[in-house]
């Protein structure tokens, strides 16, 4: 058996999320169907770096799959392509236009698309002025009716950086931890004037990025003070005032991995369920104090 890494992109507009579901169109469903057809296997299972929700897009998604070595070697057929090049070429012929595999290669020892990742980076884009409402980008940019104070949103977001229990910004799942390390979150306007959030963490729990964006929007509109998102985080409970931003503005841009020699160890440690000690929690509360951060 060989472990193969695939890098892919997709437009999530018409998908019911990543994970395969009966009678629903999903990215995983389309990809595995195409792989079964191209590789001529009875079944293919893939492991993904991050499960995206319905309507969320990806530019830098990563998966791995384990397949028999003969199936990999047979992909070029009579062509002079490498197996990876041949697999990408053949998948392009059978996948729908809103999914594309960009590269395929044998993964290094210890690689796990999900557990070896050290960070995932998302971007969220908002057009908050009428002049920015471009119908050609409506599938991946959220339209907002009120002009946002991006400077205030950036100050508020930076108070959330660090390892915390993000229960206040996640939809709970039985047996799943909500402790995450938010490595970066910042807001800026791009050259066109679009408000863009750059969010990077070791992992994300369900709806976390869109909830963080929703809290930022409340600050940007002037409805909440700059320190409010950090107060919500410390409270530890879902606040009905935190809206979940629409899915269409969210794009998984990139997944980061350590050097090949560290892949297996990273996968081992990432499987451990994390907890916050009292000391960790007190340090987190101190670091989130707006008087020391502003």
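Every number here is computed from the coordinates shown, using simple stated rules; none is lab data. As the structure is a computational prediction, the values presented were derived from the model and not from experiment. Every residue, glycine as well, gets a Cβ built from its backbone with ideal geometry; the counts of neighbours run over all protein chains shown.
Of all the options 169, 122, 257, the one that moves most in a Gaussian network model of the chain with Cα springs shorter than 10 angstrom is 257. All Cα-Cα separations within the stretch 64-158 were binned at 10 Å from zero, giving a P(r) of 12, 26, 23, 20, 15, 5, each value a whole percent of the pairs.
A Cα-only calculation for the chain places Rg and Dmax at 20.6, 67 Å.
Counted residue by residue at 0.36 nm each, then reduced by the alpha carbon distance between them, the extension gain from residue 118 to residue 271 reaches 53.9 nm. Relative contact order of the chain, taken over Cα pairs closer than 8 Å and 6 or more residues apart, is 22 percent.
Please report how far the C-alpha centroid of the stretch 151-222 lies from that of the stretch 231-260, rounded to the nearest whole angstrom. With the stretch 151-222 and the stretch 231-260 each reduced to a Cα centre, they are spaced 5 Å.
How much length is gained if the chain between residue 37 and residue 106 is pulled fully straight, taking 0.36 nm per residue apart and subtracting their Cα-Cα distance, in nm to one decimal? Let's see the in-between values first.
Details: separation 69, 0.36 × 69 = 24.84 nm, distance 1.95 nm.
Net length gain for the segment: 22.9 nm.
The angle between the Cα long axis of helix 208-220 and the longest principal axis of the Cα atoms of the chain comes to about 30 degrees, rounded to the nearest 10. With the contact rule set at Cα under 8 Å and sequence spacing of 6 or more, what percent relative contact order holds for the stretch 89-219? Normalised by residue count, the contact order of the stretch 89-219 is 27 percent.
How large is the direction-averaged shadow of the alpha-carbon convex hull of the stretch 119-293, in nm²?
11.4 nm²
Cβ-Cβ distance of residue 186 and residue 47, R₀ of 25 Å, FRET efficiency by 1/(1 + (r/R0)^6): the value works out to about 0.25. Over the stretch 2-106, the reciprocal of the mean inverse Cα-Cα separation, the Kirkwood hydrodynamic radius, stands at 13.8 Å.
Given an 8 Å cut-off on Cα distances and at least 6 residues of separation, report the relative contact order of the stretch 119-293 as a percent. Write out the running numbers ahead of the final one.
Working: 308 pairs, mean separation 54.7, N = 175.
Relative contact order comes out at 31 percent.
As a proxy for reagent exposure, 121, 90, 268 were ordered by neighbouring Cβ count within 10 angstrom, fewest first; the result is 268, 121, 90.
Determine the gain in length on full extension of the stretch residue 80-residue 136; use 0.36 nm per residue of separation and subtract their C-alpha separation, reporting nm with one decimal.
On the way: separation 56, 0.36 × 56 = 20.16 nm, distance 3.88 nm.
Between residue 80 and residue 136, full extension yields an extra 16.3 nm.
Need one word for the stretch 201-280: rounded, prolate or oblate. Basis is the Cα gyration tensor (sqrt eigenvalues a ≥ b ≥ c); a/c below 1.5 gives rounded, then a/b vs b/c decides. If you can, show how the numbers build up before the last one.
Details: a/c = 2.91, a/b = 1.64, b/c = 1.78.
Oblate shape, in that a/c is at least 1.5 and b/c is the bigger or equal ratio.
Springs join every pair of Cα atoms under 10 Å in this Gaussian network model of the chain, and among 149, 239, 11 the largest mean-square fluctuation is at 239. The distance from the alpha carbon centre of the stretch 1-71 to that of the stretch 77-118 is 11 Å, rounded to a whole number. Within the listed set 184, 163, 262, the Gaussian network model of the chain (springs between alpha-carbon atoms below 10 Å) gives the highest mean-square fluctuation for 262.
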